[in-house]
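One structure below.
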Amino acid sequence: YLRKARRMNGLNLLIADSMRAVAVEATRDKIVTEEISSGILVRTNHYVFQELKSLNPDPLEYPSTFYRHERISMFLNEKFGRIRFQEMLSIASDHENGENCVCRHGFGTNKGKTVSMSIIVLEDSQMWSSLRNPCESLCLSRGKGR
């Protein structure tokens with residue numbers, strides 16, 4: 001499907017079922033994939049595959065995506081084998097690294113803001129989505145929000 005679909009810009013997808021996961025990095029003209037049957041896949045707003053890395057912004061120009069990728073990877077690798085829904089919510093609402101944090105609020109020199117996120121728990125056949133900053137949604141789900 002992706003090979004036939006017209007694209008105007010790049011995108012990163014993570015596709016999974018209960019047996020395996022696939023990372024898909026697509027440009028307007030190319031698709032690169034990696035399939036794993038165990039481990040962790042993380043993507044933010046830059047390419048990870050070697051053959052597409054030259055398309056990335058310079059880390060000094062756009063550090064947020066690289067900081068977020070490193071922070072998410074570190075967090076999930078530390079919890080490997082014990083990652084539950086709560087851990088995914090925790091990293092989604094993480095504010096470590098200031099303006100380059102996972103849950104961005106558009107402050108400082110980085111005006112980027114997290115506008116949505118989804119967590120899918122295959123084992124429970126459940127999906128949770130937020131159309132705002134994840135930390136604000138967490139407050140709402142606990143009855144403390146606006």
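A few points about this structure:
- Residue within region 24-37 that is over 21 Å from Thr114 (Cα atoms), of a type in the set (Ser, Thr, Tyr), touching a residue at least 12 places away in the same chain (Cβ under 8 Å) and in a loop (DSSP other than H, G, I, E, B) present: yes
- Looking across region 38-52 at every residue that is within 17 Å of the chain's Cα centre (by Cα) and either assigned to a helix (DSSP H, G or I) or of a type in the set (Ser, Thr, Tyr) (or both), the one that is surrounded by the most Cβ atoms within 10 Å (Cβ to Cβ) is identified as Tyr47.
- Filtered residue count, region 1-44, keeping only those that are within 22 Å of Ile120 (Cα to Cα) and either touching a Pro at 6+ places or on another chain (Cβ under 9 Å) or polar (S, T, N, Q) (or both): 6
- Boolean, Glu123 is touching a residue at least 60 places away in the same chain (Cβ under 8 Å) and either more than 12 Å from the chain's Cα centre (by Cα) or more than 19 Å from Leu13 (Cβ to Cβ) (or both): yes
- Residue list for region 6-30, filter: among the hydrophobic types (A, V, I, L, M, F, W, C) and either open to solvent by less than 30 Å² (accessible area, probe 1.4 Å) or closer than 27 Å to Arg82 by Cα (or both): Leu13, Leu14, Ile15, Ala16, Met19, Ala21, Val22, Ala23, Val24, Ala26
- Annotation for region 64-86: no member residue is at pLDDT below 90, β-branched (Val, Ile, Thr), exposed (fewer than 14 other Cβ atoms within 10 Å of the Cβ) and within 24 Å of Ile15 (Cα to Cα).
- Tally, over region 63-84, of residues that are more than 24 Å from Met127 (Cβ to Cβ) and among the charged types (D, E, K, R): 2
- Here Asn12 fulfils each of the conditions (1) under 20 Å from Trp128 (Cα atoms); (2) in a loop (DSSP other than H, G, I, E, B) apart from (2).
- Qualifying positions in region 122-131 - open to solvent by 20 Å² or more (accessible area, probe 1.4 Å) and either hydrophobic (A, V, I, L, M, F, W, C) or on the phi < 0 side of the Ramachandran plot (or both): Leu122, Glu123, Asp124, Gln126, Met127, Trp128, Ser129, Leu131
- Figure legend. Inter-residue proximity from region 48-62: first residues touching a residue at least 24 places away in the same chain (Cβ under 8 Å) and hydrophobic (A, V, I, L, M, F, W, C), second residues open to solvent by less than 70 Å² (accessible area, probe 1.4 Å) and part of a helix (DSSP H, G or I), beta-carbon distance below 8 Å, spacing 6+ or different chains. Indicated pairs: Val48/His69.
- Matching residues in region 87-119 - criterion: being surrounded by 15 or more Cβ atoms within 10 Å (Cβ to Cβ) and basic (Lys, Arg): Arg104
The values are calculated or read from the model by the stated rules, or taken from the named source; none is laboratory data. None of these values were measured; they are calculated from a predicted model. Here the Cβ is made from the backbone with ideal geometry for all residues, glycine too, and neighbour counts use every protein chain on show. Just so you know, the surface numbers come from the protein's heavy atoms only, side chains and all, with ligands and any DNA or RNA stripped out. Shrake-Rupley method; radii C 1.70, N 1.55, O 1.52, S 1.80 Å.
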